[in-house]
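Here the structure is laid out as structure tokens; the discussion comes afterwards.
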Amino acid sequence: MRVVTLNCFLNPRSLTAGIRLRLIARELGLMAPDVILLQEVIIKRYRRWLERYLRSLGYRCFSEDGPWFTRGGLLTAVRSTITKAKFHLFHNQGGLVGLLDGDAIMGKGYQRLEVTIGQKRLTLINTHLLSHCGISRRRDINSNLADQVAELRKAILNESKESNLLIAGDFNFPPDSRFYREVTKDTNLKDVMSERTSFNGNDKRYATHSDGRLDYIFYRGNEFGHTKSALVFRTPLTMGGSHHSLSDHLGVMCEFG
């Protein structure tokens, strides 16, 4: 089973969103993952176009419309049956900073889906947590982000310990953060990029800026076997005579045996 996550940076501030949308769609079609978890698919018309494309490839999609943008900027697509799907809005949207940054308008939160892939019954969570607005040294004392992490952790702990759980997205904290420890402590979640077998060696940069590792795939459960992991969407692609990086983040891909 192949899983891919990417913060797509398809938001109104990007002048190249329309071009990159088609490049992202093309690359997803070539990779043919079983589970796709996307963040920052904010603009509704781009999300709808992407959903039509993915459905033409046999995927089932889940997203929700907000008043102005895609709720949470989240889109999940699976080559399987979706039995349950719901978007959960975080109570804390970042206050004034979240409003100015656009997080509160978009409505940060997480999607929870129950799916069946072959004989495997899985619970998927796709999320995008609050940005720290570039102040790395203050991230661990960011009370707004702390509230969202606590809410997500509570949701994880409420899942059955016997469930096959996969959580992915842009968490906006590095692995040396206290928030990383809070998400993984007592939850039995494993980080696919902490596995020793990797398609791309030990390169563990996740985003193209100085924050480094912000995007993760976590998992637990008996249905997940040995994993291989990789950073994807690393190379700029050409369209219309110009080179374009697919996003301001790298994607993460893993395969479960």
**Item:** Selection count where residues are over 20 Å from I24 (Cβ atoms), out of contact with any helix residue (DSSP H, G or I) (no Cβ under 8 Å at 6 or more places or on another chain) and outside any loop (DSSP other than H, G, I, E, B), scope the stretch 61-94
**Value:** 6
**Residues satisfying the stated conditions in the stretch 112-160, i.e. modelled with pLDDT under 95, of a type in the set (K, R) and either more than 23 Å from I82 (Cβ to Cβ) or touching a His at 6+ places or on another chain (Cβ under 6 Å) (or both)** = R137, R138, R139
**Request:** Report, ordered by the first and then the second residue, all pairs with beta carbons closer than 6 Å, sequence separation of six or more or different chains, a first member in the stretch 1-27 that is farther than 22 Å from K108 by Cβ, and a second member that is surrounded by 16 or more Cβ atoms within 10 Å (Cβ to Cβ) and charged (D, E, K, R).
**Result:** M1/D34; R2/D34; R2/E255
**Fill in**
Within the stretch 2-13, the residues that are crowded, with 16+ Cβ neighbours inside 10 Å and either out of contact with any strand residue (DSSP E or B) (no Cβ under 9 Å at 6 or more places or on another chain) or at positive phi (or both) are F9
**Condition met for R213 (surrounded by 14 or more Cβ atoms within 10 Å (Cβ to Cβ), farther than 29 Å from G257 by Cβ, modelled with pLDDT under 90 and not polar (S, T, N, Q))** = no
**Message:** Just to be sure I understand, how many residues within the stretch 18-60 are in a helix (DSSP H, G or I) and surrounded by fewer than 20 Cβ atoms within 10 Å (Cβ to Cβ)?
**Reply:** 19
**Prompt:** Based on what the data block shows, is L237 in contact with an Asp or Glu (Cβ under 9 Å, 6 or more places away or on another chain), at pLDDT below 90, aliphatic (A, V, I, L, M) and farther than 26 Å from T123 by Cα?
**Reply:** yes
**Request:** Kindly indicate whether any position in the stretch 66-76 is at positive phi, surrounded by fewer than 20 Cβ atoms within 10 Å (Cβ to Cβ) and in contact (Cβ under 8 Å) with a residue 12 or more places away in the chain.
**Result:** no
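The values are calculated or read from the model by the stated rules, or taken from the named source; none is laboratory data. Everything numeric in this text was worked out from a predicted model, so none of it was measured. Don't worry about glycine lacking a Cβ; one is built from the backbone with ideal geometry, like all the others, and counts go over all protein chains shown.
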